[in-house]
Amino acid sequence: MRYWTTGEIAKQRDVSVRTLRYYDQIHLLTPSAKETDGTRLYTEDDLFKLEKIMILKSILLPLKDIRNILDQLSYKQVLTSHYNYLQDQAKELQTRISKTTSLMNMMELEESLSWERVTEVVRNSEKNAKKWLDYFSEDQQVLLEHTVPSLGSNDETTRQYMELLKQIEWCIANDIKPESETGQEIVSQLNELSNETFHGDEALMDQFWEVRKQPVEETGLYPISEAVLQFVERSMDYALKFNR
């Protein structure tokens, strides 16, 4: 049988010698053997036990609780618990990343960002997240959930939509009409991007656009001003008449 000394384990597992001695002292991890000079010797079973202790510590269990359950749990059970814990942590981290990304994107879209505006959008996003999906069938939801841009995302499609929104806001601020060459260029880019997003399904595009115009409280979507919505509709109407 192979044995490992305290120093060897400390080096392999990045745990201090003092910690290993403390575990021995409180009878959490007692080495299977000792040499005549007092050197602690650990077996492979001891190493697996140490691994279980370290994993359970990482999920914030106190040592006294670990001592009570350590021998009742297999290594596989401990790994499963750790996996579930990490999954929960990953979800929480992703939520935080999404909120931070949303605020960054809001600052890109809005020149002046008040604290009331921040709390309003964050609160709505938490309370009504993806509520707009209820307007669609299950098959449509599968497609839309992974394709419709979100403020909490930083993908290329979302950035393109944001840039078009900023261009529309600029047009409105500078009294550039939806029927102008600039307005028509923007709506052309918007249509092209929408075709890619909705995979060319015009009926689904029209349905989403109608949902987009619903009150934010009902959909949970990022609020777009009435002026922007009207600009887009006028641009599209003009483009349809022009292309007939």
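Kindly evaluate Leu143 against the criterion of being assigned by TED's automatic domain parsing to the domain that holds Val211, outside any loop (DSSP other than H, G, I, E, B), at pLDDT below 85 and among the aliphatic types (A, V, I, L, M).
Judged against the criteria, Leu143 is a match.
Please work out if Leu109 is under 25 Å from Leu56 (Cα atoms) and modelled with pLDDT under 90.
So Leu109 does not fit the description; no.
Only one of Lys64, Lys52, Lys57, Lys34 is touching a helix residue (DSSP H, G or I) at 6+ places or on another chain (Cβ under 6 Å) and of a type outside the set (A, V, I, L, M, F, W, C). Can you tell me which?
None of the others qualify; the one that does is Lys52.
Restricted to region 64-77, and to residues that are without any contact (Cβ under 8 Å) to a residue 40 or more places away in the chain and either surrounded by 12 or more Cβ atoms within 10 Å (Cβ to Cβ) or in contact with a strand residue (DSSP E or B) (Cβ under 9 Å, 6 or more places away or on another chain) (or both), which residue is nearest to Gln25 (Cα to Cα)?
Filtering first and then ranking leaves Ile66.
For Thr6, are the conditions met, namely being more than 30 Å from Gln87 (Cα to Cα) and buried (at least 17 other Cβ atoms within 10 Å of the Cβ)?
Considered against the rule, which asks whether it is more than 30 Å from Gln87 (Cα to Cα) and buried (at least 17 other Cβ atoms within 10 Å of the Cβ), Thr6 comes out as yes.
The values are calculated or read from the model by the stated rules, or taken from the named source; none is laboratory data. This is a predicted model, so every value here is computed, not measured. Backbone-built Cβ (ideal geometry, glycine too); neighbour counts: all protein chains shown.
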